[in-house]
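For reference, the structure discussed in these notes is given below.
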Amino acid sequence: MEFTFVSGHPALDLAATLTWRSSYPIELLVGPRDLSQWIEQAGLADVAGRVDDADVERMRKLREAVYRTASADLSDQQPRAGDLRLISRTAAGKQVTPVLEELGRAVWRGDVDQVRATVAHQACVLLGGSDYRRIRACVDTECTRLFIDHSRSGSRRWCDKQTCGGRANAAAYRRRRSQPSPR
């Protein structure tokens, strides 16, 4: 499986492993192999190591805590205290470490628990700092992806210009083409 990483932050990319939350939820972390692939494709560890079903379940719990916490401010709600505790407790674990193999080449080593701690740590930094105000939800009504708006104007609307933005632009084009000419 090829995962999409357009959120601008590993914790938000983890949150995106449950897609279309409000309409037709699709679980992308179905089993250990999926989690291993996500870890490697996200660049969090060069080799994910041994992953079992319990690891998948713990990562999903972290994912949901991150999603609820990151989206709370967008819906004028307070984050759940249990989610804040879970993220913080997980972040306190040993993290993935870089190993310098040669000049210009480092590899990231760690097991799935270290990856989870690393993602939770990064979530704490994001959600506990000023950048949490840059978190946006994609304006595509079906998409539930969160992303960091790094645009200068702070007006980014879609999680990804190619997918959600492309669909919106194509739909607008079709609407314009289907309207009668003013002549």
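Read-outs throughout are calculated quantities, based only on the coordinates presented, and are distinct from any laboratory measurement. These numbers come from a predicted model, not from an experiment. Cβ coordinates were reconstructed from backbone atoms using ideal geometry, including for glycine residues, and neighbour counts include every protein chain displayed.
Among the cysteines of the chain, 124, 164 have no other cysteine beta carbon within less than 4.7 Å of their own.
Rounded to the nearest 0.05, the FRET efficiency derived from the C-beta distance between residue 103 and residue 141 at R0 = 35 Å is 0.10.
For residue 46 and residue 88, the FRET efficiency from 1/(1 + (r/R0)^6), where r spans their Cβ atoms and R0 equals 25 Å, is about 0.40.
Recomputing Rg and Dmax of the Cα atoms in Å from the coordinates shown identifies the correct label among (i) 18.4, 69; (ii) 14.6, 43; (iii) 16.2, 51 as (i). Want the number for residue 24 to residue 78: 0.36 nm per residue separation, take away the alpha-carbon distance, what's left? Separation in residues times 0.36 nm, less the Cα-Cα distance, equals 16.9 nm. Distance between the 7 Å Cα→Cβ label points at residue 58 and residue 179: 5.6 nm.
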